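J.: My structure is below; once you've seen it, I'll send some questions.
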Amino acid sequence: MWAEWTRAVLGTGVLIAAVHSAAAQCPPLASNVQPAGHVITVEGAWRLKSDPSITLQPGCRLAPGAEITPPPKFPSGSAKLAIVDRQGSLIVRNCDAGQDCAPPVFLAKDQEARSLVREVLDEIMRKLHAAPAKYVSAIGLGDGHLSDAVLVRTTAGRVDFAPAMQAMAVGDYELELSLLDGGAGFSALAVHWDKASAPADFQQPPGLYGARVKGLAGPEAWVLVASAATADNTRSKERKLLDTMQPWKTEADTENRSARRTVYRAFLASEAEQANAPR
């Protein structure tokens, strides 16, 4: 039986699988070779045909012309593979127990990268390759929780938390933010959200923060607090990424939301890193 085969421009749901270390299981790629694809999620023994000893893991970079051998039939569970290629397209293969996962997955030998990939996606994938487990998030954000977002700290030290509060009911909240890089930055602040804005004084430095509502259980959101000097550039890249990922946005599909959130979090981390790089 043929497995389900879907190809869309970053537009097909995938399940975020348990992530293992990518470094020991990724095929080598010469420094002068541009990867033709990046493994985003994987479940099951998907192997590189040119070297069957390699079992792909999240974060792996794949060479042009790579052929990936699917796992043989298995008695229980499922097998899944999701790859983003240089065009920003998502290649997804799903198969269940007892199904034939064939045919192999092929990557193009020659493919020009879209401008979005050159500007944004390559850097995001570099972050995923370095630490794939860091960006995989449990499903849990939604109505009543803060959202991952880009925020802007003005020169006067004010931040509008509205982008992070779109799923929250109108009301008064106490937010707790802490730097995700292990720094000393921490802030507890009161905001009033009226479905239009949620301004607050924020005297901590720009950076990537974990954010939660005090007293509310559940996973924390990631918010990138950008400086006024870098905000326009960051938001321009964010718009391009979100436009490309728009076909993922099926609210009823938790798999879509998980995959979207993984890539978006890697984007936030990439932007935070670039903002802090020496000039």
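None of the figures in this text is laboratory data; all of them are computed from the coordinates on show. Note that the coordinates shown come from a computational prediction; the quantities given were computed from them, not determined experimentally. Methodologically, a virtual Cβ is constructed for each residue, glycine included, from the backbone with ideal geometry; neighbour enumeration extends over all protein chains shown.
J.: Scan around residue 36 for amide H atoms under 5 Å from its own, H built in the peptide plane at 1.01 Å from N, and keep only partners 5 or more places away or cross-chain.
T.: 62, 63
J.: Taking 29 Å as the cut-off for C-alpha to C-alpha distance, list the pairs among 195/240; 80/214; 214/237; 195/237; 127/240; 80/240 that go past it. Walk me through the numbers on the way to the answer.
T.: Working: 195/240 25 Å; 80/214 37 Å; 214/237 31 Å; 195/237 25 Å; 127/240 18 Å; 80/240 27 Å.
Over 29 Å apart, Cα to Cα: 80/214; 214/237.
J.: Shifting gears a bit: Cut-off is 10 Å between beta-carbons; in what order do 31, 187, 53 appear when sorted fewest neighbours first?
T.: Values: 31 4, 187 18, 53 8.
In order of increasing Cβ crowding within 10 Å: 31, 53, 187.
J.: I've got another one for you. Using the count of nearby Cβ atoms within 10 Å as a rough guide to exposure, how do 91, 124, 40 rank from fewest to most?
T.: The order, fewest Cβ neighbours first, is 91, 124, 40.
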